[in-house]
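Chemist: Handing you this structure, nothing more for now.
The values are calculated or read from the model by the stated rules, or taken from the named source; none is laboratory data. Predicted, not measured: the structure shown is a model, and the values here were computed from it. Neighbour counts run over all protein chains shown; Cβ positions are idealised from the backbone, glycine included.
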Amino acid sequence: MKFNVALSGALFAASALAAPLTAKRQARHEARRLARAEGAKTQRHSNPPFQPDTHDVLQLNSTSHVQYSSNWAGAVLVGSGYTAVTGVFTVPTPRPPPGGSSSEAYSASAWVGIDGDTDGNAILQTGVDFTIQDGEVSYDAWYEWFPDYAYDFSGIDISSGDVIKVTVEATTKSSGTATVENTSNGQKVSHTFTSGEVEASLGEVNAEWIVEDFEQNGSLVPLVDFGTVTFTDAEAVDNGATVTPAGAQILDIKQNNQVLTDSSVSGSSVTVKYV
């Protein structure tokens, strides 16, 4: 759910405690920083789920069948009173898609959020972007309250195979927190949104566990082969009660008449496979 956000406003940076950043990674991070300083036009944003190969918002219904989107894969609960969403996933090792160019940047993002579908005015979300280019992999953790663009967290290092816990919590419809915790290295970052900071109020009608092909500069980024992302311990708070994704609407990404993901829900897990 991001609107034109710079190359994955959430590409998690392999930071100081990990292996030192290469010059190329430093350049990419500096480019994102400068782009964000210039304003939202060049920024990376999430978007609501689009109908395949369009910019028309997909409105989920109560069907038990999988629905297709050009940019979202995963699970969406539709109801009312959702005030928190959490999930845990293992960071994948991204690869270029079959037939892809090694020099092109391919990306995707894994996140949890509140709203964005049946209420597309606002989305409170947080997650991790993963990208590969020229054989180099990078990760960024980010937070966002759509329609504002995404901001990278600092002070957290992420590597392939790390176990990440992501949580969003709405304290009111116009305030809340986004938290990313790397349970593998003990690092944890959080951002608190205030009512004067956000641009739109939540409806609290959707809870989501999503892998997204996000948008940059008006176009979806080339989708990376992310293998499998499984959100475990997936829970939401619904009118004060804890619920699982059971019964959620399933979404898969479909582009150019080709289905690129296979999503499923089992108990408190949401699995998204690149196919």
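Chemist: Within segment 260-270, is there a residue that is over 16 Å from the mean Cα position of the chain (by Cα) and among the acidic types (Asp, Glu)? Don't jump to the end; show me each part of the working.
Modeler: Our first condition is that a residue be over 16 Å from the mean Cα position of the chain (by Cα); within segment 260-270, this holds for 260, 262, 264-269.
Now drop any that are not among the acidic types (Asp, Glu), which leaves 262.
Yes: one or more hits.
Chemist: In segment 45-108, which strands (runs of 3 or more DSSP E) lie fully inside it and hold 3 or more residues that are farther than 15 Å from Ile250 by Cβ and modelled with pLDDT of 90 or more?
Modeler: Strands (runs of 3 or more DSSP E) meeting the threshold: 82-90.
Chemist: Which residue pairs have Cβ atoms under 9 Å apart, sit 6 or more places apart or on different chains, and have a first residue in segment 170-182 that is in contact (Cβ under 8 Å) with a residue 40 or more places away in the chain and surrounded by fewer than 22 Cβ atoms within 10 Å (Cβ to Cβ) and a second that is in a strand (DSSP E or B) and aliphatic (A, V, I, L, M)?
Modeler: Going by the 9 Å Cβ cut-off, the qualifying pairs are Thr179/Val166; Thr179/Val168; Thr179/Val189.
Chemist: Surrounded by fewer than 22 Cβ atoms within 10 Å (Cβ to Cβ), among the aliphatic types (A, V, I, L, M), modelled with pLDDT under 95 and not in a loop (DSSP other than H, G, I, E, B) - does that describe any residue in segment 230-239? So that I can check it myself, show each step before the final result.
Modeler: Initially, segment 230-239 is screened for residues surrounded by fewer than 22 Cβ atoms within 10 Å (Cβ to Cβ), giving 230, 232-233, 235, 237-239.
Pick out the ones that are also among the aliphatic types (A, V, I, L, M) and you get 237.
Still in the running and modelled with pLDDT under 95: none.
Among the residues of segment 230-239, not one is surrounded by fewer than 22 Cβ atoms within 10 Å (Cβ to Cβ), among the aliphatic types (A, V, I, L, M), modelled with pLDDT under 95 and not in a loop (DSSP other than H, G, I, E, B), which makes the answer no.
Chemist: Suppose we keep only residues that are under 22 Å from Val272 (Cα atoms), out of contact with any Asp or Glu (no Cβ under 7 Å at 6 or more places or on another chain) and among the polar types (S, T, N, Q) within segment 91-122. Which one would you say is surrounded by the fewest Cβ atoms within 10 Å (Cβ to Cβ)?
Modeler: Thr93
Chemist: Then there's this: Within segment 94-108, does at least one residue satisfy the condition of being under 17 Å from Val270 (Cβ atoms) and in contact with a Pro (Cβ under 9 Å, 6 or more places away or on another chain)? Reasoning before the result, please.
Modeler: To start, the set of residues in segment 94-108 that are under 17 Å from Val270 (Cβ atoms) comprises 108.
Imposing the further condition that a residue be in contact with a Pro (Cβ under 9 Å, 6 or more places away or on another chain) reduces the set to 108.
Yes, some residue in segment 94-108 is under 17 Å from Val270 (Cβ atoms) and in contact with a Pro (Cβ under 9 Å, 6 or more places away or on another chain).
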